[in-house]
Amino acid sequence: MAYASKREMSSNKTGPLIVVALLHIVLGYALVSGLAIRVVESVREDISTFDVEEEPPPPPEEPPPPPPEQPQTQVPPPVVAPPPIVRTNTTPPPIASQPTAPPPSVTPTAPTAPPAPPAPPPPPPPPRIEPAAPRGDVRTLFSDSDYPRRALRNGEEGTARARLTIGTNGRVSGCTITQSTGSSQLDRATCDVLERRARFQAATDSTGATVQGTYDTPPITWRIQGR
């Protein structure tokens with residue numbers, strides 16, 4: 001019972017509250033609407049309408065007048081002097097005729113002979129054999145002491161020549177008198193001195209090898225001094 005009484009009491013309070021709220025809403029709306037209407041009307045009274053006239057477009061600019069035509073001055077044509085008249089001799093000068101030379105005479109030439117064949121090369125020289133040569137003058141090998149005493153006592157004098165045989169060592173290996181002094185003592189002394197003292201460059205053959213050779217002496221004179 002107490003719960004039912006509470007619900008009745010709350011429902012009784014809610015109804016008047018809703019009515020009061022609705023009244024406030026209606027009054028507020030009426031106030032707002034009335035004020036808005038007055039404001040709009042007052043604004044309408046203040047604003048006056050008028051038509052705006054558009055300005056006419058400016059007139060188009062006229063093009064500038066063309067410049068006045070200048071009168072063209074006619075230039076007189078230049079005076080051309082006529083070319084001078086050159087008088088030429090119409091008659092050509094006489095042409096002297098040159099005597100024509102006779103054609104050169106052609107002498108027939110004999111046909112050239114073919115060149116001779118080259119000469120054959122000369123044959124090689126024969127092998128040269130070098131003879132034996134003395135090492136100095138053989139006559140200087142003789143002195144006064146070589147004079148044989150017997151020939152000196154007998155007063156024997158004379159001139160001898162000899163042919164010498166030269167070995168491969170350059171020494172005299174043989175002596176032959178080819179011209180006698182007339183004294184056997186002097187001929188023997190001539191060969192004895194040459195065999196002991198004479199020295200030679202041995203002879204050589206074509207290959208350069210040393211070979212035995214001969215040598216003919218110059219005249220060797222035996223003479224006693226003071227006679």
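All of the numbers you see were taken from the coordinates with simple rules; none came from a lab. None of these values were measured; they are calculated from a predicted model. Every residue, glycine as well, gets a Cβ built from its backbone with ideal geometry; the counts of neighbours run over all protein chains shown.
Structure summary
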item	result
Cα-projected label distance for SER184 with THR207, points at 7 Å along beta-carbon direction, nm	4.5 nm
Order of GLU130, GLU61 under a 10 Å beta carbon neighbour criterion, fewest first	GLU61, GLU130
Integer Hz, Karplus 6.51/-1.76/1.60 couplings in order for the range 144-153, x for Gly and Pro	5, 5, 7, 5, x, 5, 5, 5, 5, 5
Cα-based radius of gyration of the range 133-222 once divided by 2.2 N^0.38 Å, which approximates compact folds	1.16
Cα centroid separation - the range 119-190 against the range 196-223, whole Å	8 Å
Cβ-based exposure ranking for VAL20, VAL193, VAL138, in which fewest neighbours within 10 Å come first	VAL20, VAL193, VAL138
Pairwise label distance in nanometres, ARG135 with ASN154, each label 7 Å out on the Cα-Cβ vector	3.5 nm
Taking ILE129, ILE177, ILE166 and counting other C-beta atoms within 10 Å, the order from fewest to most	ILE129, ILE177, ILE166
